[in-house]
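Take a look at the structure below.
The values are calculated or read from the model by the stated rules, or taken from the named source; none is laboratory data. Here the structure is a predicted model, which is why all the values come from computation and not from measurement. Neighbour counts are summed over all protein chains in view; Cβ atoms, including those assigned to glycine, are modelled from backbone coordinates with ideal geometry. Heavy atoms of the whole protein, side chains included, go into the accessibility calculation; ligands, DNA and RNA do not. Shrake-Rupley method; radii C 1.70, N 1.55, O 1.52, S 1.80 Å.
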Amino acid sequence: MRAVMLLCGLLLLTAGLAWQFGWRLPDAWNPWATLDVRQPPNWLTRYKLSRLRDDPGLCRETLENAGLRYRAQADSPPSASCPLRNVWRIEQGQARLSSSFLASCPLAVAYALFEQHGLQAAAQRVFGQPVAQVDHLGSFACRNVYNRKQGRLSQHATANALDISGFRLEGGQRIVLARDWQAGGQKGEFLRQVRQAACDSFSTVLGPDYNAAHHNHFHLDMGRWQVCR
């Protein structure tokens with residue numbers, strides 16, 4: 001016990017001296033610094049994303065450098081069946097979208113991280129060109145998981161999930177999960193790299209290998225469970 005206390009004392013002394021002489025943690029490794037989407041994800045990213053859930057001010061500050069075109073949405077009344085708070089309409093990222101979508105702040109920022117550090121990098125590696133459009137099946141839907149009459153609400157019910165169904169490359173080529181996941185070749189390899197990259201940004205990633213309900217899309221959400229399937 002005495003050795004532990006001595007070690008803690010030395011660590012505090014070292015930290016105090018470092019602070020006094022002007023040394024500061026880089027923002028990427030400072031848990032209290034605003035998340036910078038331009039920096040690759042690290043082990044602090046999930047914590048920083050969680051801070052955005054109930055802090056609209058911090059969310060707006062983070063979104064300013066996220067590379068997204070977005071609009072703030074008014075909060076739903078508390079009486080709504082699926083009330084929404086701190087939600088944004090995402091209109092475009094580096095790639096255009098098949099349509100805009102509603103997103104909780106953590107989902108919006110995670111999407112920006114995924115696009116900048118995962119999706120576009122995978123497209124360049126496999127095809128040598130960027131993704132020009134992301135096709136999706138929507139985000140907000142006031143329903144239970146799998147549309148069951150009973151059970152817990154889906155992450156879609158709080159605009160905390162997005163279902164991506166395919167991509168269009170700058171050269172015009174289309175990649176569709178329902179068709180190309182099992183096809184092999186470049187398209188299959190690209191989709192597997194995209195699925196793996198998504199796991200670095202989102203809490204839950206479910207694809208065609210998970211179950212039949214996901215045969216045609218990647219389900220990406222910012223719930224509390226860490227799943228990469």
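Among residues other than D209 whose Cβ falls under 11 Å from its Cβ, what is the net charge (Lys/Arg +1, Asp/Glu -1)? Display every interim value, and only then the final one.
Values: positive: R192, R195, R229; negative: none.
For residues surrounding D209, the net value is +3.
Taken over region 113-160, the percentage of Cα pairs per 10 Å bin, counting from 0 up to the bin with the maximum distance, is 24, 29, 23, 20, 3.
Over the chain, what is the relative contact order in percent, taking alpha-carbon pairs closer than 8 angstrom and at least six residues apart?
Numbers: 410 pairs, mean separation 32.5, N = 229.
Once divided by the residue count of the chain, the mean separation gives 14 percent.
Classify region 109-229: rounded, prolate or oblate, from the alpha-carbon gyration tensor (a ≥ b ≥ c, eigenvalue square roots; a/c under 1.5 rounded; otherwise prolate if a/b is larger than b/c)?
Details: a/c = 2.02, a/b = 1.68, b/c = 1.20.
In terms of gyration-tensor shape, prolate.
Give me the net charge for the shell around Q116: Cβ to Cβ below 13 angstrom, other residues only, Lys and Arg +1, Asp and Glu -1.
On the way: positive: R38; negative: D36, E115, D200.
Computed value for this residue: -2.
Spin-label model, R148/E189: points 7 Å from Cα along the beta carbon direction are separated by 4.0 nm.
Find out how many positive minus negative residues lie around A74, taking Lys and Arg as positive, Asp and Glu as negative, among other residues whose Cβ is under 13 Å from that of A74.
+2
Please sort by residue number the GluC sites (Glu not before Pro) in region 28-128 whose DSSP state is loop and whose Cβ has at most 12 other Cβ atoms within 10 Å. Sites meeting the loop and neighbour criteria: E64. Note on the chain: percent of Cα-Cα distances in each 10 Å bin, starting at 0 and stopping at the bin with the largest distance, equals 8, 30, 31, 17, 9, 5, 0.
Here the chain exposes an accessible surface that is 53 percent carbon and sulfur, computed with a 1.4 Å probe and the other protein chains kept in place. Here's the picture: a label point sits 7 Å out from the Cα of D36 along the beta-carbon direction, and within region 53-95 the residues with their amide nitrogen under 17 Å of it are 61-68. Take the Cα of R174, step 7 Å toward its Cβ, do the same at Q73, and the gap between the two points is 2.7 nm.
Report the antiparallel proportion of the DSSP beta bridges in the chain as a percent, rounded to a multiple of 5. Working shown, then result.
Values: 26 of 30 bridges.
In the chain, approximately 85 percent of DSSP beta bridges are antiparallel ones.
The magnitude of the dipole of the chain, with charges of +1 and -1 set on the Cβ of Lys/Arg and Asp/Glu and taken from the Cα centre, is near 440 debye. Both numbers refer to the Cα atoms of region 51-183; Rg and Dmax are 15.9, 50 Å. Computed extension gain for N211 through C228, at 0.36 nm per residue and net of the alpha carbon distance, reaches 4.8 nm.
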